[in-house]
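Asker: Quick one: this structure, given as structure tokens, is what I'll be asking you about.
The values are calculated or read from the model by the stated rules, or taken from the named source; none is laboratory data. What you see is a predicted model, and the numbers here were worked out from it, not measured in a lab. So basically every Cβ, Gly included, is an ideal-geometry build from the backbone, and we count neighbours across all protein chains shown. Accessible surface is based on the protein model in full, side chains and every heavy atom, while ligands, DNA and RNA are left aside. Shrake-Rupley method; radii C 1.70, N 1.55, O 1.52, S 1.80 Å.
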Amino acid sequence: MLFSKAIKPALRRISIKSLSTGLSTLRFERVSVDDNGTVVSCSADNGVANPVVAEASLTVLPRDKLPTGFPQIELHPSLKSVEQGKTAYVSCRVRGDPRAKVLWLRDLIPLDIRADGRYSVSTIGNPGALMIQHAREEDQGKYECIARNTLGVAHSKAANLYVKVRRVPPYFSYKLERQYVVGVGGNINLTCVAVGYPMPRVFWKKTDQMLLEDPATAPIGKNVLKLTSVESTENFTCVAVSALGNIEATTMVIAKELPPAPVNIVVSSVTSESVVISWKPPKYNEAINKYIVKYRLKYSKGGKTVETLDTSLLLDKLVPFQTYEFTVQSVGPVGVGLESLLVEAQTKPSKPSSPPVNPQARSLNRNSILVKWGPCEHPNGEITGYKVLYTNDEETTPLDEWKQHNAKSDELMTSINGLESDSKYFLKVFAQNSQGDSPPSTLVTVSTRQGIPGQPPMLTVKALDSRRMQLTWDKPLYSSPVVGYTVRYNTSDGEKELTLTSPHEKHVVTGLHPDKYYFFRIAAYSDRGQGEFTEPMIEKTIASIPLSAPTIISAAATSSKSVEIRWKSPEQKKLNGVLTAYRISFLRLEDSKPTSFQPDSESEEYDDTDALAQEEWMSVVVPSDVSSFVLSDLLPYSTYQITVAASTMDGYGPESAIRDVKTLEDAGSEEESSAPGNSSIQPHFLMFPDHPCDACAPAVCRARAAPGYVESLRGQVRGNTKSVTTHQMHRNLMRLGRLER
């Protein structure tokens, strides 16, 4: 590839650098006004057919006549030094209107940002800065940045980037103690950590030079020596080795006797929920640091542990009328000693803390009922009997006005006679011990009508989803067989009743509303009639996603880069729960802003607006108490599609109808479209029209530069064994243009 200049050049100001890939760079140093109008041509020839030629003219503007918006370098690259494998940042901040694009040079050759994923150029904050991840030695060189727009080109000063390769001898980053003390028969871990560059291997040996592992396969950087059942005092040495040397560190592991167990363990001051345990210290040459008391229910697993400095301890929150096991250990400087002999003690009783379970009742005849129950879970002592309180007055009648029926301690069933016929009775069951009565059982309702089943016990309600509840219960007491059940539950229109004509103790209620409380009652019936309903069981349906979408009230552009959107929430009855957030989704339409230059499908110009052209919706989530939001950082004079969706804890509902809105025109857009020299052929690049004709006249690219700035004219062709057409020249030169961002 050859460059030629229409006028006689000052050779010391012009340099050419070419690569075997077909890339060639012509560089003018210290551009002056005298260079204005210079015509430069680039000729490419691979020996097949005729050479291809491209030309460009150079326009130089005096500094005092630079147009407004001409590219400027606000922050030049500076000398940098980075460690190999780290991230390097090369500064360059540019300014221009229209916004200037940035090209980076290394040793006068343009960097292909997209060819190496380690390279990236900032577009915000410090636009133009170059970031190099995982720096390598080949990244070292002289870096320059070039800013260009339709008005011209500006070059930065050059700065060197140096990539350092570290060489650090090994050293210990975690120092061993001079000695470690462990109880005889105990275990200890010795940790040795060494670093350096390259990282060293770390291994252990005994002081008598006995290696504990193979140095060639030892771990890198860190090695933990695990010593078990230590019986005697020994020295151990940690060794770290790398190509830059080796280091050692030695420690001593001292084995000492563990403290004996405390003696004379005594349990006193016993109540229903607490005891006091005391002991005497053992004979030991070292100081006792503390004591550990362990206790648990007899025959149970686990237990609790309490530490103390004293020789006595109050243990509370125990279970009444239970046998506990206690042990005590001494803790010395070298560890925890053996446990003492086991000591047992029983807490005193207290009145039952839980009622009899699962009470039921049914009529025996017109004047008597049968009552049945289960033992209480926490009797807190020996049960001495049960009592049943009953009344046929109102349920709210004070308990001291109810009648009482007593049952023996070994009876979990009793009958009550002498009742009024065809009456409804309420009853509760109590357990008794030497300390008093238990809390009352759940309320039982029964009618003195012969053949009527009792209340169904153990009613449970479970929400399956936002519209279904599952009810389960046990079969009640009965004399005549149960043939079905009646289910009652609340609705917005009052109480609803379902009749189940088969005696199955399970049913799923459907057609409910999300996130609502419901109460359910069950009654059994036989051929003789229906029994009493259970007490209500309350449960809430699961919240669901909203069934309707928010409504967008307005969407209007507030500037060239922002849009304000307002909406109202979905209908209250279709929320299906409590609103938690709104999601605003937006998409820029690709054809919303026509451009004067449509890049070739193979082009690689790196422009941050390319990613926005992909049809990917972006989203913003805002709190549920917000009904308007301003979308910012949008593109000027672009059409966006916007939708809004509402969310509950269960997820997002449907999207609203799409609303199109167009941002305002940027003040710089009109200047860009009307700037001199703006056409389908971009300044600074050598291009041919996209036409498959070898004889076509070359297009001329007018590049502008201020005096004193450096100007690069670049051209690239890729030859083959057949021919190089102007069409191919055009496509390859456009590909060069994609090196910029």
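Asker: For the range 253-266, indicate whether the set of residues that are open to solvent by 60 Å² or more (accessible area, probe 1.4 Å), out of contact with any Pro (no Cβ under 6 Å at 6 or more places or on another chain) and acidic (D, E) is non-empty.
Answerer: The answer is yes; a qualifying residue exists.
Asker: Condition first: open to solvent by less than 40 Å² (accessible area, probe 1.4 Å) and at pLDDT below 90. Now tell me which residues in the range 610-633 satisfy that.
Answerer: Selection gives A613 alone.
Asker: Still on this structure, please answer the following. Does H513 count as more than 22 Å from V446 (Cα to Cα) and not in a strand (DSSP E or B)?
Answerer: Considered against the rule, which asks whether it is more than 22 Å from V446 (Cα to Cα) and not in a strand (DSSP E or B), H513 comes out as yes.
Asker: Please go through the range 120-148 and pick out each residue that is part of a strand (DSSP E or B), in contact with a Phe, Trp or Tyr (Cβ under 8 Å, 6 or more places away or on another chain) and either farther than 30 Å from V195 by Cα or without any contact (Cβ under 8 Å) to a residue 12 or more places away in the chain (or both). Spell out how you get there, then give the answer.
Answerer: Of the residues in the range 120-148, the ones part of a strand (DSSP E or B) are 120-121, 130-132, 141-148.
After this cut, where a residue has to be in contact with a Phe, Trp or Tyr (Cβ under 8 Å, 6 or more places away or on another chain) as well, the list is 121, 130-132, 143-146.
Those that are part of a strand (DSSP E or B), in contact with a Phe, Trp or Tyr (Cβ under 8 Å, 6 or more places away or on another chain) and either farther than 30 Å from V195 by Cα or without any contact (Cβ under 8 Å) to a residue 12 or more places away in the chain (or both): V121, L130, Y143, E144, C145, I146.
Asker: Is the range 359-366 home to any residue that is of a type outside the set (K, R), touching a Ser or Thr at 6+ places or on another chain (Cβ under 9 Å), surrounded by 15 or more Cβ atoms within 10 Å (Cβ to Cβ) and under 25 Å from P281 (Cα atoms)?
Answerer: no
Asker: Which residues, counting only those in the range 502-554, are within 36 Å of the chain's Cα centre (by Cα), farther than 18 Å from N490 by Cα, of a type outside the set (A, V, I, L, M) and open to solvent by 30 Å² or more (accessible area, probe 1.4 Å)?
Answerer: The answer is T551, S554.
Asker: Identify, by number, the condition in (1) closer than 23 Å to V336 by Cβ; (2) of a type outside the set (D, E, K, R); (3) touching a Phe, Trp or Tyr at 6+ places or on another chain (Cβ under 8 Å) that L318 doesn't meet.
Answerer: Condition not satisfied by L318: (1).
Asker: Pairs please, first residue from the range 537-560 and of a type in the set (K, R), second anywhere and in a strand (DSSP E or B) and surrounded by fewer than 16 Cβ atoms within 10 Å (Cβ to Cβ), Cβ atoms under 6 Å, 6+ apart in sequence or on different chains.
Answerer: These pairs meet every condition: K540/Y517.
Asker: Every residue in the range 428-479 that is part of a loop (DSSP other than H, G, I, E, B), of a type in the set (V, I, T) and buried (at least 20 other Cβ atoms within 10 Å of the Cβ), please.
Answerer: Within the range 428-479, T448, I452 meet the criteria.
Asker: Let me ask something additional. Within the range 105-129, can you find the residues that are surrounded by 14 or more Cβ atoms within 10 Å (Cβ to Cβ) and small (G, A, S)?
Answerer: S120, S122, G128, A129
Asker: Still on this structure, I have one more. Please go through the range 233-250 and pick out each residue that is hydroxyl-bearing (S, T, Y) and closer than 26 Å to Y284 by Cβ.
Answerer: Result: T233, single match.
Asker: Taking the condition of being out of contact with any Leu (no Cβ under 9 Å at 6 or more places or on another chain) and at pLDDT 85 or above, how many residues in the range 195-212 meet it?
Answerer: 5
Asker: Which count do you get for residues in the range 555-578 that are assigned to a loop (DSSP other than H, G, I, E, B) and open to solvent by 30 Å² or more (accessible area, probe 1.4 Å)?
Answerer: Number satisfying all stated conditions: 6.
Asker: Right, something else. Could you tell me whether any residue of the range 187-194 is modelled with pLDDT under 90, surrounded by fewer than 18 Cβ atoms within 10 Å (Cβ to Cβ), within 17 Å of A249 (Cβ to Cβ) and more than 36 Å from the chain's Cα centre (by Cα)?
Answerer: no
Asker: Would the range 401-408 turn up any residue that is within 24 Å of L459 (Cβ to Cβ) and among the basic types (K, R)?
Answerer: No: the range 401-408 contains no residue that is within 24 Å of L459 (Cβ to Cβ) and among the basic types (K, R).
Asker: Only one of (1) without any contact (Cβ under 8 Å) to a residue 60 or more places away in the chain; (2) closer than 28 Å to W402 by Cβ; (3) not polar (S, T, N, Q) fails for G494. Which number is that?
Answerer: Here G494 meets the rest and fails (2).
Asker: Scan the range 12-46 residue by residue and report those that are exposed (fewer than 12 other Cβ atoms within 10 Å of the Cβ) and either among the polar types (S, T, N, Q) or modelled with pLDDT under 80 (or both).
Answerer: Once the filter is applied, which keeps residues that are exposed (fewer than 12 other Cβ atoms within 10 Å of the Cβ) and either among the polar types (S, T, N, Q) or modelled with pLDDT under 80 (or both), the range 12-46 yields R12, L19, S20, T21.
Asker: Shifting gears a bit: Examine the range 387-397 for a residue that is in contact with a Lys or Arg (Cβ under 6 Å, 6 or more places away or on another chain) and open to solvent by 30 Å² or more (accessible area, probe 1.4 Å), and state whether such a residue exists.
Answerer: No, the range 387-397 contains no residue that is in contact with a Lys or Arg (Cβ under 6 Å, 6 or more places away or on another chain) and open to solvent by 30 Å² or more (accessible area, probe 1.4 Å).
Asker: In this structure, is L318 hydrophobic (A, V, I, L, M, F, W, C), exposed (fewer than 13 other Cβ atoms within 10 Å of the Cβ) and in a loop (DSSP other than H, G, I, E, B)?
Answerer: Working: hydrophobic (A, V, I, L, M, F, W, C): yes; exposed (fewer than 13 other Cβ atoms within 10 Å of the Cβ): no; in a loop (DSSP other than H, G, I, E, B): yes.
Against the criterion (hydrophobic (A, V, I, L, M, F, W, C), exposed (fewer than 13 other Cβ atoms within 10 Å of the Cβ) and in a loop (DSSP other than H, G, I, E, B)), L318 does not qualify.
Asker: Which numbered condition trips up H405, out of (1) in contact (Cβ under 8 Å) with a residue 40 or more places away in the chain; (2) under 26 Å from G531 (Cβ atoms)?
Answerer: It is condition (1) that H405 fails.
Asker: Please go through the range 59-81 and give me each residue that is part of a strand (DSSP E or B), within 55 Å of the chain's Cα centre (by Cα) and among the hydrophobic types (A, V, I, L, M, F, W, C), ordered by number.
Answerer: I73, L75
Asker: Now for a different question. Going by the structure shown, is Y582 open to solvent by less than 30 Å² (accessible area, probe 1.4 Å), in a strand (DSSP E or B) and closer than 15 Å to S466 by Cα?
Answerer: Taking the combined requirement at face value, the residue does not satisfy it.
Asker: Here is a list: L341, L313. Which entry is assigned to a strand (DSSP E or B) and either at negative phi or touching a strand residue (DSSP E or B) at 6+ places or on another chain (Cβ under 7 Å) (or both)? Step through it out loud before you land on a result.
Answerer: Working: L341 fails: assigned to a strand (DSSP E or B).
Exactly one of L341, L313 is assigned to a strand (DSSP E or B) and either at negative phi or touching a strand residue (DSSP E or B) at 6+ places or on another chain (Cβ under 7 Å) (or both), namely L313.
Asker: Right, here's the next one. Considering only the range 296-311, how many residues are touching a Ser or Thr at 6+ places or on another chain (Cβ under 9 Å) and either among the basic types (K, R) or surrounded by 14 or more Cβ atoms within 10 Å (Cβ to Cβ) (or both)?
Answerer: Residues that pass the stated criteria total 3.
Asker: Shifting gears a bit: Scan the range 502-531 and report the pairs whose first residue is farther than 16 Å from S479 by Cβ and among the basic types (K, R) and whose second residue is open to solvent by less than 50 Å² (accessible area, probe 1.4 Å) and outside any strand (DSSP E or B), with Cβ atoms within less than 6 Å and a gap of 6+ or a chain change.
Answerer: Here the result reads K516/T541; R521/F533; R521/T534, each pair linking the range 502-531 to a residue that is open to solvent by less than 50 Å² (accessible area, probe 1.4 Å) and outside any strand (DSSP E or B).
Asker: Answer with yes or no whether E286 is open to solvent by 40 Å² or more (accessible area, probe 1.4 Å), among the charged types (D, E, K, R), within 30 Å of V193 (Cβ to Cβ) and at pLDDT below 90.
Answerer: no
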